[in-house]
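Computed from the coordinates by the stated procedures, all read-outs in this text should not be read as laboratory data. Since this is a predicted model, take the numbers as computed values, not measurements. We place every Cβ from the backbone using ideal geometry, glycine too, and count neighbours over all the protein chains shown.
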Amino acid sequence: MLLELKRFNIPPGHKVFLEDITWQEFETILEELGEHRASRVAYDNGILEIMTPLPEHETNKLFISNFIEIILEELDIDFYPLGSTTFKNRDMLKGIEPDNCFYIQNEAAVRGKEKLALSIDPPPDLALEIDITSRTHPAIYEALGVPELWRFEKGKLQINVLRDRNYTESAFSLIFPNLPLIEVIPQYLSQVKTAGRNKTMRAFRTWVQEQITIS
């Protein structure tokens, strides 16, 4: 099967599913695929999904991540971004690679660590998924205990917060409760296309500073 995996050519925006994959096979596949790759994987009770994102997917991921980092910087909150790190729990038979993720409240617990094990380490405080390819697996994030999941799809930002082990859609982030991000982030993301990245990021930073002053 691993030889066949190496021959897979998954075009951007497409995905493949493999069934009846054992945990050991999942671990071996991850090793064979390597860390420096464009594809993302999700594993849930024997079903493995491998997806290659579209360029638009990566662009939105980068800019929304920039917005999150600006907010954290302006609030003077330490954070540890871990990108598309593979998060997995063997006991739950679940694994996921977010488009990006951030340790915020638990930043000190993982600072400097090169490898994480969710049987010991906490999950990221915030995970980001860009749903151009309708890939998000909320049930996996719920099971792994990720407190907040942001999904961006069709120009809209959805914020999901974990309550009683289930996600509830929320108008506000628990991490940034005073900021109307559902409305504002899509606006600034659209602005990048007309005003350019740097000008938009400066404008967004100014907006965040103004919000902090008001609150």
Seminar exercise, completed: Measuring from its Cα centre, the range 89-215 shows a charge dipole (+1 at each Lys and Arg Cβ, -1 at each Asp and Glu Cβ) which, in debye to the nearest 20, is 440
Problem set entry | the range 65-108: relative contact order in percent, alpha carbon pairs under 8 Å with at least 6 residues between | 39
Exercise. Quick one: if you stick a label point 7 Å off each Cα along the C-beta vector at ARG37 and HIS14, how many nm between them?
Worked result: 1.6
Problem set entry | Within-13-Å neighbourhood charge of LYS199 [Cβ basis; K, R +1; D, E -1] | +4
Problem set entry | With Cα atoms, 0 to 90° folded angle of helix 55-74 axis to the chain main axis | 50
For this session: Over the chain, calculate the relative contact order: mean separation of alpha carbon pairs under 8 Å at least 6 apart, over the residue count, as a percent.
Result: 14
Seminar exercise, completed: Of the candidates ILE21, LEU33, SER65, the farthest towards the positive dipole end of the chain (Lys/Arg Cβ +1, Asp/Glu Cβ -1, centred on the Cα centre) is SER65
Seminar exercise, completed: antiparallel share of DSSP beta bridges within the range 54-214, to nearest 5, in %, is 80
Exercise. Relative to the Cα centre, what is the charge dipole magnitude of the chain, using +1 at the beta carbon of each Lys and Arg, -1 at the beta carbon of each Asp and Glu, and rounding to the nearest 20 debye?
Worked result: 600
Problem set entry | Sequence-distant lysines (8 or more away, or on other chains) whose Cα lies within less than 30 Å of LYS156 | LYS15, LYS61, LYS88, LYS94, LYS193, LYS199
Exercise. Is the range 54-214 best put as rounded, prolate or oblate by its Cα gyration tensor, with a ≥ b ≥ c the root eigenvalues, rounded for a/c under 1.5, and otherwise prolate when a/b is larger than b/c, oblate when not?
Worked result: prolate
For this session: Would you calculate, for the chain, the mean residue ellipticity at 222 nm contributed by helices, counting each DSSP H stretch of 4 or more residues as -39,500 (n - 2.57) and dividing by all residues, to the nearest 500?
Result: -11500 deg cm²/dmol
